[in-house]
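Enquirer: First the structure, then my questions, so here it is.
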Amino acid sequence: MNGKTSNPDVRFGFGENWNRFLSVLDDSSIFEAEESLKESLKVSSLKGKSFLDAGSGSGLFSLAAYRLGADRVFSFDYDPQSVACTQELKKRYFPNADNWKIEQGSLLDKEFLDQLPFFDVTYSWGVLHHTGDMWKAMENLVSKIEEKGFLYISIYNDQGRASRVWKKIKRLYNICPVPLRFLILVPCTIKLWGPLTIWDFCKGTPFKRWREYGKKRRGMSAWHDVVDWVGGYPFEVAKPEEVFNFFHKRGFNLTQMITMSGGHGCNQFVFTKK
């Protein structure tokens, strides 16, 4: 089903980036994704639970949830290429899994979401702020969470002026002709990684943090996350307290929060529905 969306005039090709990520995905990355789910949800498995991957991207966390024993997994994404990536992972690892469903759909399409059942675990990492209407997407997602169920999300941190500058950079990247995008991507990569790389060289461990990025970043790839960050548009941000207040008013308890302490990137939240 094709999801309805606010249809921003500029949108990053998330699926293209995820497709390239699948070429470097290995067992260690999958293991790290599984560990991040277990640690954040404070569980040893997902046996007996249903899992909604709202904005499945590469499909890595749908795969991780299935490997952790989820009874039912439903994955969807607005981007057709992201849907294809998730389908590819299912084909690689669990081609005959009838209890893992994958569709195209939008978090802004309430009719699409209304047709879905409730879920014990709803996962939407780094997705809501790319829909073009973040607060509406959050509102639509609330109705799919089972009583006592988990909601695990991440939202870009509001840095004030810095966030407004990044929004302009992201839009410029996406309207720039593809052959010229490196003129934006290279200096942004230097800004994001330059100080850390220099520090690693000074300690005699060249590129250590770049190489080990996935071990602390849910199995993700440093390079593909840089491209995702620089290109990720539409782009919205929120302060941690804004996200907390939004869900608290709708009957959710905060069980875990990790913030960026004023820096760029995503604040992480795990809520449970009362």
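Enquirer: Considering segment 134-164 alone, what residues qualify as being more than 27 Å from residue 49 (Cα to Cα) and over 16 Å from the mean Cα position of the chain (by Cα)? Show your work before the answer.
Expert: Quick first cut of segment 134-164, residues more than 27 Å from residue 49 (Cα to Cα) only: 156-164.
Once the filter is applied, which keeps residues that are more than 27 Å from residue 49 (Cα to Cα) and over 16 Å from the mean Cα position of the chain (by Cα), segment 134-164 yields 158, 159, 160, 161, 162, 163, 164.
Enquirer: Output yes when any residue across segment 221-234 is at pLDDT 95 or above, of a type in the set (Phe, Trp, Tyr) and touching a strand residue (DSSP E or B) at 6+ places or on another chain (Cβ under 9 Å), and no when none is.
Expert: Initially, segment 221-234 is screened for residues at pLDDT 95 or above, giving 233-234.
From what is left, the residues that are of a type in the set (Phe, Trp, Tyr) are 233.
Checking which are touching a strand residue (DSSP E or B) at 6+ places or on another chain (Cβ under 9 Å) leaves us with none.
Checked against the condition, which is being at pLDDT 95 or above, of a type in the set (Phe, Trp, Tyr) and touching a strand residue (DSSP E or B) at 6+ places or on another chain (Cβ under 9 Å), segment 221-234 yields no hits at all.
Enquirer: Within segment 220-234, identify whether any single residue is surrounded by 17 or more Cβ atoms within 10 Å (Cβ to Cβ), among the acidic types (Asp, Glu) and either in the same structural domain as residue 141 (by TED's automatic domain parsing) or in a helix (DSSP H, G or I) (or both), and answer yes or no.
Expert: Yes, that holds for at least one residue.
Enquirer: Based on what the data block shows, is residue 190 of a type in the set (A, V, I, L, M), within 24 Å of the chain's Cα centre (by Cα) and either buried (at least 17 other Cβ atoms within 10 Å of the Cβ) or farther than 18 Å from residue 225 by Cα (or both)?
Expert: Values: of a type in the set (A, V, I, L, M): yes; within 24 Å of the chain's Cα centre (by Cα): yes; either buried (at least 17 other Cβ atoms within 10 Å of the Cβ) or farther than 18 Å from residue 225 by Cα (or both): no.
No, not satisfied.
Enquirer: Restricting the search to segment 140-182, which residues are charged (D, E, K, R) and surrounded by 15 or more Cβ atoms within 10 Å (Cβ to Cβ)?
Expert: Keep residues of segment 140-182 that are charged (D, E, K, R), which gives 144, 146-148, 158, 161, 164, 167-168, 170-171, 181.
Residues satisfying the conditions are 144, 146, 158, 167, 170, 171, 181.
Enquirer: For segment 138-163, enumerate the residues that are part of a loop (DSSP other than H, G, I, E, B), within 24 Å of residue 76 (Cα to Cα) and without any contact (Cβ under 8 Å) to a residue 60 or more places away in the chain.
Expert: The initial filter retains those residues of segment 138-163 that are part of a loop (DSSP other than H, G, I, E, B), namely 143-144, 158-160.
Right, trim to within 24 Å of residue 76 (Cα to Cα) and you get 143-144.
Once the filter is applied, which keeps residues that are part of a loop (DSSP other than H, G, I, E, B), within 24 Å of residue 76 (Cα to Cα) and without any contact (Cβ under 8 Å) to a residue 60 or more places away in the chain, segment 138-163 yields only 143.
Enquirer: Looking at segment 256-273, is at least one residue basic (Lys, Arg), crowded, with 16+ Cβ neighbours inside 10 Å and either in the same structural domain as residue 38 (by TED's automatic domain parsing) or at pLDDT 90 or above (or both)?
Expert: Filtering segment 256-273 down to residues basic (Lys, Arg) leaves 273.
Among the residues that remain, those that are also crowded, with 16+ Cβ neighbours inside 10 Å are: 273.
Within this subset, residues satisfying the condition of being either in the same structural domain as residue 38 (by TED's automatic domain parsing) or at pLDDT 90 or above (or both) are 273.
Taking every residue of segment 256-273 in turn, at least one turns out to be basic (Lys, Arg), crowded, with 16+ Cβ neighbours inside 10 Å and either in the same structural domain as residue 38 (by TED's automatic domain parsing) or at pLDDT 90 or above (or both).
Enquirer: Testing residue 197 on (1) farther than 26 Å from residue 62 by Cβ; (2) touching a helix residue (DSSP H, G or I) at 6+ places or on another chain (Cβ under 9 Å); (3) assigned by TED's automatic domain parsing to the domain that holds residue 21; (4) not charged (D, E, K, R), one condition comes back false. Which one is that?
Expert: Result: residue 197 passes all but (3).
Enquirer: Considering only residues that are in contact (Cβ under 8 Å) with a residue 12 or more places away in the chain, exposed (fewer than 15 other Cβ atoms within 10 Å of the Cβ) and not in a strand (DSSP E or B), which ones fall in segment 238-255?
Expert: 242, 251
Enquirer: Looking only at segment 122-159, which residues are within 18 Å of residue 266 (Cβ to Cβ), of a type in the set (Gly, Ala, Ser) and at pLDDT 95 or above?
Expert: Once the filter is applied, which keeps residues that are within 18 Å of residue 266 (Cβ to Cβ), of a type in the set (Gly, Ala, Ser) and at pLDDT 95 or above, segment 122-159 yields 124, 132, 137, 154.
The values are calculated or read from the model by the stated rules, or taken from the named source; none is laboratory data. Model, not experiment: these values are computed from the prediction. Neighbour counts are summed over all protein chains in view; Cβ atoms, including those assigned to glycine, are modelled from backbone coordinates with ideal geometry.
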